[in-house]
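Inspection log for the structure reproduced underneath, given as structure tokens.
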Amino acid sequence: MEVGRDSLFMALLNLWSLGHFVQWGLVGRFVFRHWPLFFALSIGWELLELVLPYDFAKETWDNKISDLLVNTAGYVLGLHWRSKTLQLEQESMEHPTL
């Protein structure tokens with residue numbers, strides 16, 4: 001059975017991927033901006049899933065790598081969002097409107 005590129009893409013990105021992206025985006029925006037902690041938590045969770053006895057944790061290595069990439073993309077976007085928000089707040093303090 002040959003797997004097409006589109007079906008492989010959809011197999012690696014799913015509803016859980018969206019959850020990962022949103023979660024790490026919010027963490028990057030509101031919680032912390034410490035790359036080593038992000039990598040420890042993100043990789044640690046994927047390793048923990050290897051021993052969890054639940055169906056949601058059973059996935060291929062390709063999907064785990066995909067999760068890490070999605071996590072990183074979400075975290076980067078969250079950090080960018082944080083940076084832009086802080087920049088706008090600083091600009092509004094420098095040029096207050098009356």
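Computed from the coordinates by the stated procedures, all read-outs in this text should not be read as laboratory data. Please read all numbers here as calculations on a predicted model, not as lab measurements. Here the Cβ is made from the backbone with ideal geometry for all residues, glycine too, and neighbour counts use every protein chain on show.
By the scheme Lys and Arg +1, Asp and Glu -1, what is the net charge of all other residues having a beta-carbon under 13 Å from that of residue 23?
Overall, the nearby charge balance is 0.
Starting from 0.36 nm per residue, how many nanometres of slack lie between residue 23 and residue 83 once their C-alpha separation is accounted for?
Full extension from residue 23 to residue 83 adds 19.8 nm.
Of 66, 42, 83, the residue with the greatest mean-square motion in the GNM of the chain, using alpha carbon springs below 10 Å, is 83.
Applying the criteria of a DSSP loop state and at most 14 other Cβ atoms within 10 Å to the chymotrypsin sites (Phe, Trp or Tyr not before Pro) of region 45-94 yields 54. The label point for residue 95 and the one for residue 54, both projected 7 Å from the Cα toward the Cβ, are 4.8 nm apart.
When the helix-only estimate is applied to the chain (DSSP H runs of n ≥ 4, each -39,500 (n - 2.57), divided by the residue count), what is the mean residue ellipticity at 222 nm, nearest 500 deg cm²/dmol?
-23500 deg cm²/dmol
Dipole check for the chain: with +1 at the C-beta of Lys and Arg, -1 at the C-beta of Asp and Glu, and the Cα centre as origin, the magnitude is about 220 Debye.
Answer with a single label: of [x] 7.4; [y] 8.9; [z] 10.6, which was calculated as mean projected area of the Cα convex hull in nm² from the structure in view? Given [x] 7.4; [y] 8.9; [z] 10.6, the calculated one carries the label [y].
Just checking the listed ones, 18, 50, 86: in the Gaussian network model of the chain with Cα springs under 10 Å, the one fluctuating most is 86.
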